[in-house]
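Read-outs throughout are calculated quantities, based only on the coordinates presented, and are distinct from any laboratory measurement. Remember, it's a predicted structure, so these values are computed and weren't measured experimentally. Virtual Cβ from ideal backbone geometry, glycine too; neighbours counted across all protein chains shown.
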Amino acid sequence: MFWRRRTGFQADWIVVGLGNPGEEYRWTPHNLGYLTVETLARDAGIRVSRPEENALVGRGKVGGCETLLAKPLSFMNRSGGPVKRLLRRYSMRPNRLLVVYDELDLPWGRLRLKQKGSAAGHNGMRSIVESLGTSEFPRLRIGIHPGHPVANGAKYVLHPFGRGEMLEVEGIVGEAASAVRDLLAEGAERAMARCNRRVPEPRE
């Protein structure tokens, strides 16, 4: 059976932050999912360091829920394999999976929380949707569009943050972490109403 439990930990949610492993990618737009999970872990006193199913995971309470925090180690374009195996290992359905990732189609710092949807051109999300065979799971998108034309999106998402962006990243991932806690604690509808009307301060 696909959903047979293989661990004694009873998770209410699995929160996956997408990104690429390696220090050279740490401070890039494509790693905002990783950074959000790290912020959640820090605030909850959870260590995301346990290797499982080609991911680093940590267990603890987030938003009052027993939560597995995870960072896939397979690189962005192959995120689906580790996510599918973690769901199977913890006997979790996709509707209890929340994926956090960057979105080039959204303005810098804007958050969008949805209960389901397409991959919309994001390779990490496409891999997850294809691996799970469904797109009906919650996701939190973090906008990374700089406000001017981007000639090469693939290059932009892997380019290190500039000095001004670095000053803003902590606030952005902090807001994203708050949105995750809202969803886990209060449910999708209330979390969406709060998160999706948040507008970042204008950039100078």
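Under the rule a/c < 1.5 gives rounded, and otherwise a/b versus b/c splits prolate from oblate, where does region 46-129 land using the Cα gyration tensor?
Details: a/c = 1.65, a/b = 1.36, b/c = 1.22.
Prolate is the answer for region 46-129, as a/c is 1.5 or above and a/b outweighs b/c.
Tell me which trypsin sites (Lys or Arg not before Pro) from region 103-196 have a DSSP coil assignment and no more than 15 other beta carbons within 10 Å of their own. List each step's numbers first, then the result.
Working: sites: Arg110, Arg112, Lys114, Lys116, Arg126, Arg139, Arg141, Lys155, Arg163, Arg181, Arg190, Arg194; in loops: Arg110, Lys116.
The qualifying sites are Lys116.
Once you have the Cα-Cα distance between Glu170 and Ser91, take 0.36 nm times their residue separation minus that, and quote the gain in nm to one decimal. Numbers along the way, then the final one.
Values: separation 79, 0.36 × 79 = 28.44 nm, distance 3.31 nm.
So the chain would gain 25.1 nm between Glu170 and Ser91.
If you restrict to DSSP beta bridges whose two residues both lie in the chain, what percentage is antiparallel, to the nearest 5? Don't skip to the answer; put the middle values down first.
Values: 15 of 29 bridges.
Given both bridge residues lie in the chain, the antiparallel proportion sits at roughly 50 percent.
Using only helices, what value at 222 nm comes out for the chain when you add -39,500 (n - 2.57) per DSSP H run of length 4 or more and divide by the total residues, to the nearest 500 deg cm²/dmol?
On the way: 6 runs with 69 residues, N = 204.
Computed ellipticity for the chain at 222 nm equals -10500 deg cm²/dmol.
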Partner lysines whose C-alpha sits under 24 Å from that of Lys114, ignoring same-chain residues fewer than 8 away, are Lys61, Lys71, Lys84
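First check a/c for region 13-195, with a ≥ b ≥ c the square roots of the eigenvalues of its C-alpha gyration tensor; if it is under 1.5, answer rounded, and if not, answer prolate when a/b is larger than b/c or oblate otherwise.
Numbers: a/c = 1.36, a/b = 1.27, b/c = 1.07.
Since a/c stays below 1.5, the shape of region 13-195 is classed as rounded.
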Taking only complete DSSP H runs, can you tell me which helices of the chain stretch 24 Å or more along their own long axis by Cα positions and average at least -0.5 on the Kyte-Doolittle scale?
163-186
How big is the charge dipole of region 13-195 about its Cα centre, in debye rounded to the nearest 20, if each Lys and Arg gets +1 on its Cβ and each Asp and Glu gets -1 on its Cβ?
560 debye
Going by the alpha-carbon gyration tensor, a ≥ b ≥ c the square roots of its eigenvalues, is region 95-204 rounded (a/c under 1.5) or, if a/c is not under 1.5, prolate (a/b greater than b/c) versus oblate?
oblate
